[in-house]
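**Student:** The following block contains the structure, expressed as structure tokens.
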Amino acid sequence: MNLKLIADIAKSLLLARWRQSLVAAIGVTFSITMFIALLGFMNGLNDLLDGLVLNRTAHVRLFNEIKPNPHQPINLSSEFKGGHNFIQSIKSSGSRLEIYNSAAIIKAVKADPRVLGIAPKITAPVLYNAGTIDITGVVNGIDVMVESALFFFKDYVREGDPLDLKNVSNSIILGKGVAEKLLAEIGDVVQVTTSKGDRLPLKVVGIFQSGIADYDKVQSYASIATTQKLLGKPNNYITDIQIKLKDLQQAPAVAKEYAQLFQTDAEDIQTANSQFETGSFVRTLISYAVGIVLLIVAGFGIYNILNMMIYEKMDTIAILKATGFSGSDVRKIFLGIALTIGLLGGLLGLLFGFSLSLIIDQIPFNTAALPTIKTYPVNYNPKFYIIGIVFSLVTTYFAGFFPARKASKVDPVIIIRGK
Amino acid sequence: MKKTVLQSKGINKYFKDPVLSQVLKDIHFSVDQGEFVAVTGKSGCGKSTLLYILSTMDTDYEGDLWIDGDPMRGKTESELARIRNEKIGFVFQFHYLLTEFSVLKNVMLPGLKLKKFSEAEIEHRAMERLKTLGIEALALKKANQLSGGEKQRVAIARALINDPIIIMGDEPTGNLDKKNSDIVFDIFKQLCEEFKQTLLIVTHDQSFAENTHRIIEMEDGRIISN
């Protein structure tokens, strides 16, 4: 009803002590700026570090582990069904690396609404031959298009065109470490020998750098067809099915379900890389904690300044009350002052925080481990900005609440008599 | 028969700190419309305390009080604030203008709070009252740029803005020199005679009191002559 008048009085009081008000607002601005910049930077870094592994890791991976066959012949015999059979000296069987009926599995998985995409893969342990030296390694047979779409394969190919893997027959993309050891460059031909002794010359069409040096010393990539040829396997031979889900959190459940359904081993990302989630959770927690502490400190600043203002303005409060302003009007005036400081300080803080993020985003950041990164990573998630402004208003509201309540309870008689 | 604007019945008031002491004893009187009443008495006789009770700012008392025929007992804080806003105009010993605002805005504030008229109308009425008191030239000055006498006249203009049924003054000339005191007194007299304004002024200035219509004299918390 009288909001305009109350806002008017609040404005006048605010401007009458504009230096103090400015200091209070700067406190809020500073906290929000740091909050935004810190969270943006921390989360940018988090995304980067998580991406390093998570981007290239399937959410669920179907494969056949080398392990002893759980169905031993004696268990199938009707003669020994009744007892508990002790069998010794069982050996693991490696004959079942292949996923059987892979075409049907791929079709079934693709139809699952929880699945974002699926990439078949063959892992083949090999030896790279360089003169008299053999270097152990792994050739991954992949579908370049799918692999790029789901696992950002393209981003990690430093030299050459990843599509050549598909277009050039008998081609290979070497890991950076492997290429250095073999002294191989694009256009060269390297000899690759499988564990069975088959040898195939492959043309180098690219160099790959993942950011994890140990990985690059071992891994290289070829197309699925080339790998099948290398291993002497038919064109339905697949050892891994990598599945990317729409919701990462569903991975353990899906893995369990598929393991049962398709009679393969299934590993989910949480089991494979549990430490990454813990790391990013802790980092996020720390940045929120620091940001909120900054805001609470700013809140105390506002509390102090409003308290002082109320002592200075006792006469004003008394006269407002004597001329017909009620306690709740006075409370609204001082809450209005607090919220104005919070809103203006907060909005400026968002602006400065965004600017600071932009500046951080321009600082060069070159590291051999992260080939695709040129500057410090920053996350511009609007969520942080919304949290920032809401929190600045909430803090200033509480900082203003107690002084405002005190002001509303000022007894005009005591002030006027006291003169 | 004149209308009664203010009536008190059996008002007792105690101060509990530091020791229980009774400052007002069975105060019983009424003020009719158009009266110019002075309350006098020695310092500490309870006249200011009485005024604060009559003005509804002090609610810690025994007895009954009617303003404009309306009982004050049992009213909430915001209802009382509304009555002060609408029906009572105040002039204090000190001017108590808000230094953050211009003179005009100071006069307008209670009017803006009451919201009986539009803002333009309130501004017009405020200017009229400043003109009546001969200080319209000061309208746009800040309150702290004025002399003591001018400030007190602005305070009177502010008290008049909502056409109160009664104006209460607590030593309104107590802080002024002879010349300004006379000006303020003349204004009160003029308000009473020309506009039939009811006035209840607490003062210890005998010459001021003698020129009013009616003197209520207090001693030790009692009315001794009425």
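FYI, it's all coordinate maths here, none of it is from the lab. For clarity, every value in this text was computed on a predicted model and none was experimentally measured. In this analysis, Cβ positions are derived from the backbone assuming ideal geometry, glycine residues included, and neighbour counts consider all displayed protein chains.
**Student:** If you line up the long axis of helix B:77-87 against the longest principal axis of chain B, both from Cα atoms, how many degrees apart are they, to the nearest 10?
**Tutor:** 60
**Student:** Evaluate peptide B:108-115: per residue, the Cβ atoms of other protein chains within 10 Å of its Cβ; return the mean as an integer.
**Tutor:** Details: counts 1, 8, 6, 3, 6, 10, 3, 4.
What the average comes to for B:108-115 is 5.
**Student:** Which whole number gives the average count of other chain Cβ atoms within 10 Å of the Cβ atoms across peptide A:360-367?
**Tutor:** Going residue by residue through A:360-367 and averaging, the value is 0.
**Student:** OK, next. Relative to the compact-globule scaling 2.2 N^0.38 Å, provide the ratio for the alpha-carbon radius of gyration of the range A:257-302.
**Tutor:** On the way: Rg = 20.3 Å, N = 46, 2.2 N^0.38 = 9.4 Å.
Normalised by 2.2 N^0.38 Å, the Cα Rg of the range A:257-302 equals 2.16.
**Student:** Other chains near A:321-333: what is the mean number of their Cβ atoms within 10 Å of each residue's Cβ?
**Tutor:** Details: counts 5, 13, 18, 17, 8, 10, 3, 3, 3, 1, 0, 0, 0.
Mean partner shielding for this stretch: 6.
**Student:** For B:K142, list the aspartates and glutamates whose Cα falls under 15 Å from its own Cα; do not include residues on the same chain fewer than 8 positions away.
**Tutor:** B:K142 reaches B:E100, B:E150.
**Student:** If you take the Cα atoms of the range A:236-375, find Rg, then find the Kirkwood Rh from the mean of 1/r over all pairs, what is Rg/Rh? Numbers along the way, then the final one.
**Tutor:** Values: Rg = 28.0 Å, Rh = 21.7 Å.
Looking at the range A:236-375, the ratio lands at 1.29.
**Student:** What would the Debye formula give as log10 I(q)/I(0) at q = 0.16, 0.17, 0.20 Å⁻¹ for the alpha-carbon point model of the range A:229-319, no solvent?
**Tutor:** Relative scattering, expressed as log10 I(q)/I(0), comes to -0.87, -0.91, -1.02.
**Student:** Arranged from highest to lowest average of other beta-carbon atoms within 10 Å per residue, in what order do the peptides A:28-35, A:180-187 appear?
**Tutor:** Working: A:28-35: 25.5, A:180-187: 14.5.
The peptides rank, most packed first, as A:28-35, A:180-187.
**Student:** Using mean Cβ contacts within 10 Å as the protection proxy, how do A:337-343, A:167-173, A:84-90 order, highest first? Could you put the intermediate results ahead of the total?
**Tutor:** On the way: A:337-343: 24.1, A:167-173: 19.3, A:84-90: 7.0.
Per-residue mean Cβ counts within 10 Å order the peptides as A:337-343, A:167-173, A:84-90.
**Student:** Let me ask another. When only alpha-carbon atoms count, how far does the protein assembly as shown stretch along each of its three principal axes, as whole angstroms with the largest first?
**Tutor:** 129, 65, 42
**Student:** Would you kindly give the portion of the calculated P(r) for the range A:1-150 that falls above 26 Å, as a percent of all Cα pairs?
**Tutor:** Details: 7418 of 11175 pairs.
Looking at the range A:1-150, the distances longer than 26 Å represent 66 percent of pairs.
**Student:** Can you figure out the FRET efficiency of B:S43 with A:I292, using R₀ = 41 Å and their beta-carbon distance, to the nearest 0.05? Intermediate results must be reported in sequence, preceding the final value.
**Tutor:** Details: r = 56 Å, r/R0 = 1.38.
So the FRET efficiency works out to roughly 0.15.
**Student:** Write out the GluC sites (Glu not before Pro) in the range A:29-130 meeting two conditions: DSSP loop, and at most 13 other Cβ atoms within 10 Å of their Cβ. The partial results should precede the final answer.
**Tutor:** Details: sites: A:E65, A:E79, A:E98; in loops: A:E65, A:E98.
Here the sparse-neighbourhood loop sites are A:E65.
**Student:** Hey, any idea what the orientation-averaged projected area of the convex hull of the range A:304-419's Cα atoms comes to, in nm²? Walk me through the numbers before you get to the answer.
**Tutor:** Details: hull surface 37.6 nm².
That works out to 9.4 nm².
**Student:** Continuing with the same structure: With Kirkwood's inverse mean 1/r over C-alpha pairs for Rh, give me the Rg to Rh ratio of the range B:1-131, two decimals please.
**Tutor:** Values: Rg = 17.1 Å, Rh = 16.9 Å.
Radius of gyration over Kirkwood radius for the range B:1-131 works out to 1.01.
**Student:** Further question: Could you line up A:T375, B:T132 from fewest to most neighbouring Cβ atoms inside 10 Å? Present the calculation step by step, with values, prior to reporting the outcome.
**Tutor:** Values: A:T375 13, B:T132 18.
Ascending number of Cβ neighbours within 10 Å: A:T375, B:T132.
**Student:** Going by a ≥ b ≥ c, the root eigenvalues of the Cα gyration tensor, does the range A:172-248 fall in the rounded group (a/c under 1.5), the prolate group (a/b larger than b/c) or the oblate group? Before the final figure, lay out the partial values.
**Tutor:** Numbers: a/c = 2.10, a/b = 1.12, b/c = 1.88.
Oblate, because a/c is 1.5 or more while a/b does not exceed b/c.
**Student:** In addition: Distance in nm between label sites at A:N2 and A:E65, each 7 Å beyond Cα in the beta-carbon direction?
**Tutor:** 7.6
**Student:** Provide Rg and Dmax in Å for the range A:91-193, with only Cα atoms included in the calculation.
**Tutor:** Computed over the Cα atoms of the range A:91-193, radius of gyration and Dmax are 16.4, 51 Å.
**Student:** For A:K383 and B:K3, FRET efficiency with R0 = 51 Å and r from the beta-carbon atoms, rounded to 0.05? Please report the intermediate quantities before stating the final value.
**Tutor:** Details: r = 66 Å, r/R0 = 1.30.
E(calc), rounded to 0.05, equals 0.15.
**Student:** Same structure, new question: Along the Cα→Cβ direction, 7 angstrom out, place labels at A:Q191 and B:Q22. What is the inter-label distance in nm?
**Tutor:** Between A:Q191 and B:Q22, the simple spin-label model gives 12.4 nm.
**Student:** While we're looking at this one, here's another question. What do you get when you divide the Cα radius of gyration of chain B by 2.2 N^0.38 Å, with N the number of residues? The partial results should precede the final answer.
**Tutor:** On the way: Rg = 17.3 Å, N = 226, 2.2 N^0.38 = 17.3 Å.
Working it through for chain B, the quotient is 1.00.
**Student:** Using a 10 Å cut-off around each Cβ, can you sort A:T323, A:T284 from fewest to most neighbouring Cβ atoms?
**Tutor:** Numbers: A:T323 26, A:T284 14.
Fewest-to-most Cβ neighbours within 10 Å comes out as A:T284, A:T323.
**Student:** I would also like to ask the following. Which helices count as membrane-span-like in chain A under these terms: full DSSP H, at least 24 Å along the axis by C-alpha, Kyte-Doolittle mean of 1.0 or more? List each step's numbers first, then the result.
**Tutor:** Values: long enough: A:18-54 (52 Å, 1.26); A:274-312 (58 Å, 1.12); A:327-362 (52 Å, 1.39); A:382-408 (38 Å, 0.86).
The qualifying helices are A:18-54, A:274-312, A:327-362.
**Student:** Please work out the FRET efficiency for the pair B:T99 and A:L285, using the Cβ-Cβ distance as r and a Förster radius of 45 Å; give the result to the nearest 0.05. Please list the in-between numbers first.
**Tutor:** Working: r = 49 Å, r/R0 = 1.09.
That gives a FRET efficiency of 0.35.
**Student:** Given 0.36 nm per residue, what is the gain on full extension from A:I135 to A:D361 after removing their alpha carbon distance, in nm? Spell out each step's value before the answer.
**Tutor:** Numbers: separation 226, 0.36 × 226 = 81.36 nm, distance 4.05 nm.
Going from the current span to full extension adds 77.3 nm.
**Student:** What ranking do A:149-156, B:190-197 get when scored by the average of other Cβ atoms within 10 Å per residue, highest first?
**Tutor:** Numbers: A:149-156: 18.6, B:190-197: 14.6.
Going from most to least packed, we get A:149-156, B:190-197.
**Student:** Can you tell me the alpha carbon radius of gyration of the range A:112-170 divided by the globular rule-of-thumb value 2.2 N^0.38 Å? If you can, show how the numbers build up before the last one.
**Tutor:** Values: Rg = 14.5 Å, N = 59, 2.2 N^0.38 = 10.4 Å.
So the range A:112-170 has a normalised radius of gyration of 1.40.
**Student:** On to the next question. Just list whichever of B:K87/B:K113; A:K110/A:K244; A:K181/A:K203; A:K332/B:K141; A:K321/B:K9; A:K409/B:K13 have alpha carbons separated by over 19 Å in the model shown. Intermediate results must be reported in sequence, preceding the final value.
**Tutor:** Values: B:K87/B:K113 13 Å; A:K110/A:K244 10 Å; A:K181/A:K203 16 Å; A:K332/B:K141 27 Å; A:K321/B:K9 25 Å; A:K409/B:K13 21 Å.
Checking Cα-Cα distances, A:K332/B:K141; A:K321/B:K9; A:K409/B:K13 exceed 19 Å.
**Student:** Mark the label point 7 Å from the Cα of A:A103 along Cα→Cβ and return the residues of the range A:234-262 whose backbone N is within less than 11 Å of it.
**Tutor:** Under 11 Å, as judged by backbone N against the label point of A:A103, lie A:235-237 of the range A:234-262.
**Student:** How large is the translational diffusion coefficient of the range A:268-330 in µm² per second when you combine the Kirkwood radius over alpha carbon pairs with Stokes-Einstein at 4 °C and 1.567 mPa s? Intermediate values should be presented prior to the final figure.
**Tutor:** Numbers: Rh = 16.0 Å.
Translational D for this selection: 81 µm²/s.
**Student:** Same structure, new question: What are the equivalent ellipsoid semi-axes of the range B:181-220, built from the alpha-carbon gyration tensor (square roots of five times its eigenvalues), in whole angstrom, biggest first? Spell out each step's value before the answer.
**Tutor:** Values: eigenvalues 74, 29, 11 Å².
Working through the eigenvalues yields semi-axes of 19, 12, 7 Å.
**Student:** Give me the percent of DSSP beta bridges within the protein assembly as shown that run antiparallel, rounded to the nearest 5.
**Tutor:** Details: 59 of 86 bridges.
Counting DSSP beta bridges with both partners in the protein assembly as shown, the antiparallel share is about 70 percent.
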